[in-house]
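Here the structure is laid out as structure tokens; the discussion comes afterwards.
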């Protein structure tokens, strides 16, 4: 299994978040998850908000098009990104049937 899969036009991402890092960004694959470093502390939803902001910029969508499906208080999270406009190199576009 990969750290992502497609459900129609929606991209489902399995993510491992490292809070309180020196910089924010995608590190790469971490087992079967995408490792993301963020500078925010995991307090009052600040870490989740920073991940949403990062993904919004990376995938070219509004934050409202990103849903945190699971892992609100965990480092391991699942996000659904509705119809991403851009894709990082680690992610292949949805294949046409």
Can you tell me which residue within segment 21-39, out of those that are farther than 12 Å from residue 75 by Cα and in contact with a helix residue (DSSP H, G or I) (Cβ under 9 Å, 6 or more places away or on another chain), is surrounded by the most Cβ atoms within 10 Å (Cβ to Cβ)?
-> 26
Is it fair to say residue 16 is in a strand (DSSP E or B) and over 24 Å from residue 85 (Cβ atoms)?
-> yes
Residues of segment 21-66 being closer than 15 Å to residue 80 by Cα, in contact (Cβ under 8 Å) with a residue 12 or more places away in the chain and in contact with a strand residue (DSSP E or B) (Cβ under 8 Å, 6 or more places away or on another chain), in sequence order, are 33, 34, 48, 51, 52, 54, 55, 58, 59, 61, 65, 66
Do we have residue 71 as in contact with a strand residue (DSSP E or B) (Cβ under 7 Å, 6 or more places away or on another chain) and at positive phi here?
-> yes
Hey, can you tell me all the residues within segment 40-97 that are surrounded by fewer than 14 Cβ atoms within 10 Å (Cβ to Cβ), in contact with a helix residue (DSSP H, G or I) (Cβ under 8 Å, 6 or more places away or on another chain) and part of a loop (DSSP other than H, G, I, E, B)?
-> 41, 62, 72, 83, 85, 86, 88
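Here, each number is a calculation from the coordinates, and none is a lab measurement. Quick caveat: nothing in here was measured; it's all calculated off a predicted structure. In this analysis, Cβ positions are derived from the backbone assuming ideal geometry, glycine residues included, and neighbour counts consider all displayed protein chains.
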